[in-house]
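Since the structure comes first, as structure tokens, the remarks are kept for the end.
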């Protein structure tokens, strides 16, 4: 029997009961679509995280106190940053940063509570790829002599001065009067940080004015961002930083009280967390695909029983057991492949819809389409095989007499 | 020419050991080519078993069944399917047409399973139309079974039995579900086929139907009682 003839018989069998065939495929449609959507959601989440980390700036090496080591937060000082800047070969700049508790910012009769104040060194805009929109950033000498200058985030500038030019105006941070020298470009929310709602001060001024209430070490830094001249120099820079800091902190290089990470390291760490989430979603979607397959098996078993006489007749007319097997197996495979095709369309459409309507970012994983479609085909073969063998095993004499 | 059917010392036993029931207890039957034979016998006589074996739907426990020159008594399921397709045309009491297919598509079914010839769709359709025309249904090609009378449905079934040009036609109570007028029509068609050289073996329990055949084989208690004339049945 020629394949296309079996295919036609199988198709006719399905068209016998269009509504039932459609409802049966619904399980597969939902399964395939959810595999694609679930993977798109988790890929979108990963991409969002990667975006946020890359938005820190390009070719960055991030030095921070090691977590979980007592006293580590106290040992990383601004001098460490200067040592790195002096001794490490291949760096384009560095930005040491420290954040005192939020403060009140006043100007022009307006008062803003709980504003994040960031103390940075002069290279901050180039290291963090974050440009000044008007005016200028403070320079290294202003930082060194603790000049009373301030650079405003775009949002703060708008809140305090509206459409007026803030340059040259006086802003009071806590109880310290500062002169506005620049306004940063609008950057918006990145990694849950509102860059526009912050103010930027020379780090040494911050040490002097705002860190004095801290128990020890007024010149501690939270993070040192080091910008490499190029991607290729990153490994060598990491080695140099490790050895300089281990030496300065007098710790065993194998058990440092600081961490040196690249953005890729951080992305990889984040992805490890989302991977568990993604696997869970994939399993849930996979289970719904299996449930869809069981639906197909159920309907095929009913169909074999209903069509027992037809099977007997086909056998009497010369259908071999293999012909009967193929006819019913193909019916199951057509059901699941049709479900797979529609499911892929629904999955792609659903992913876009989720991304457009919800707060979740989605990104369709190209591999998920053949994966889900292939899984649907396997489900069809797997769950169609048993009913098909039941059909092929029928004794033609018994089948012909079936009422 | 050798006979179309030669059955020698055939037995058929269902079940095993103490539960064994002998349906056929040593049967010899010969049917010559071109013969029109009726098989009669009461319920439980073994005539259905004999018919199933003649139709290659079942295998005998022992004995030989030589059909068109080939011993088919111990063939595999696949080989039996091929023999049914190539050598036999079935006519059933309940027609056994597929309800969703047109008369034409029903008649084309045997060609779908033809393992020897690869028949194109056009050729297959042409043969089915010719076959339907030969039973007087040339104007009913695209009717579904439920749009046809019982007699017409049985004529579609006859067209289906003829379409692969088998050397033997097996009719199992072909008029059992028909009124007397339709029965006459069907018997007329079988007569015409016989006159045209076809070999027909028909199971029936009606004497007036059996009377259409040239010869009647009477089966009782798994044996051939009287090959030639069957006085009483049931």
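Read the figures in this text as sums done on the coordinates, not as results from a lab. Because the structure is a prediction, the values reported are computed rather than measured. Because the Cβ atoms are built from the backbone with ideal geometry, glycine has one as well, and the counts that use them run over all protein chains shown.
Computed quantities for the displayed model
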{"item": "Protection-proxy order for peptides A:297-310, B:29-42, each taking the mean of Cβ atoms within 10 Å per residue, highest first", "result": "B:29-42, A:297-310"}
{"item": "Per-residue mean of C-beta atoms belonging to partner chains within 10 Å, peptide A:303-315", "result": "3"}
{"item": "Anisotropy class of the stretch A:291-331 from Cα gyration tensor, a/c 1.5 cut", "result": "oblate"}
{"item": "Gain in span if fully extended, residue A:403 to residue A:85, counting 0.36 nm per residue against the direct Cα distance", "result": "105.4 nm"}
{"item": "Potential lengthening between residue A:132 and residue A:67 on full extension [0.36 nm per residue; Cα-Cα distance subtracted]", "result": "20.1 nm"}
{"item": "Label-point gap, in nm, between residue A:58 and residue A:382 - each point 7 angstrom along Cα→Cβ", "result": "4.7 nm"}
{"item": "Averaged over B:109-115, number of beta-carbon atoms from partner chains that fall within 10 Å", "result": "6"}
{"item": "Shielding by partners, peptide A:157-164 (average Cβ within 10 angstrom, other chains)", "result": "0"}
{"item": "Virtual spin-label span in nm between residue A:341 and residue A:165, 7 Å along Cα→Cβ", "result": "6.7 nm"}
{"item": "Relative pair counts by distance (%), Cα atoms of the stretch A:236-283, 10 Å bins", "result": "23, 32, 23, 15, 6"}
{"item": "Degrees separating the helix A:18-54 axis from the principal Cα axis of chain A, which is the longest one", "result": "20 degrees"}
{"item": "Residues A:126, A:110 arranged by fewest to most Cβ contacts within 10 Å", "result": "A:110, A:126"}
{"item": "Protection proxy ranking of A:92-105, A:14-27, A:264-277 - average other beta-carbon atoms within 10 Å, highest first", "result": "A:92-105, A:14-27, A:264-277"}
{"item": "Residues residue A:290 and residue B:214, FRET efficiency given R0 of 56 Å [Cβ-Cβ distance, rounded to 0.05]", "result": "0.35"}
{"item": "Ranked by how many other beta carbons lie within 10 Å on average, peptides B:201-209, A:235-243 from highest", "result": "B:201-209, A:235-243"}
{"item": "Simple label model, 7 Å out from Cα along Cβ direction - residue B:11 to residue A:255, nm", "result": "9.2 nm"}
{"item": "Label point 7 Å beyond Cα of residue A:189 along Cβ direction - residues of the stretch A:116-134 with amide nitrogen under 11 Å", "result": "none"}
{"item": "Area projected by the alpha carbon convex hull of the protein assembly as shown, averaged over all directions, nm²", "result": "45.7 nm²"}
{"item": "Length gained when the stretch residue A:389-residue A:273 is fully extended (0.36 nm per residue, less Cα-Cα span)", "result": "37.3 nm"}
{"item": "Whole-angstrom gap from the stretch B:117-152 to the stretch B:18-36, using each part's C-alpha centre", "result": "34 Å"}
{"item": "FRET efficiency estimate (nearest 0.05) - Cβ-Cβ, residue B:79 to residue B:126, R0 41 angstrom", "result": "0.90"}
{"item": "Estimated FRET transfer efficiency (residue A:363, residue A:139; beta-carbon r; R0 51 Å; 0.05)", "result": "0.80"}
{"item": "Residue list for the stretch A:310-350, given a label point 7 angstrom along the Cα-to-Cβ vector of residue A:371 and an amide N cut-off under 20 Å", "result": "A:337, A:339-350"}
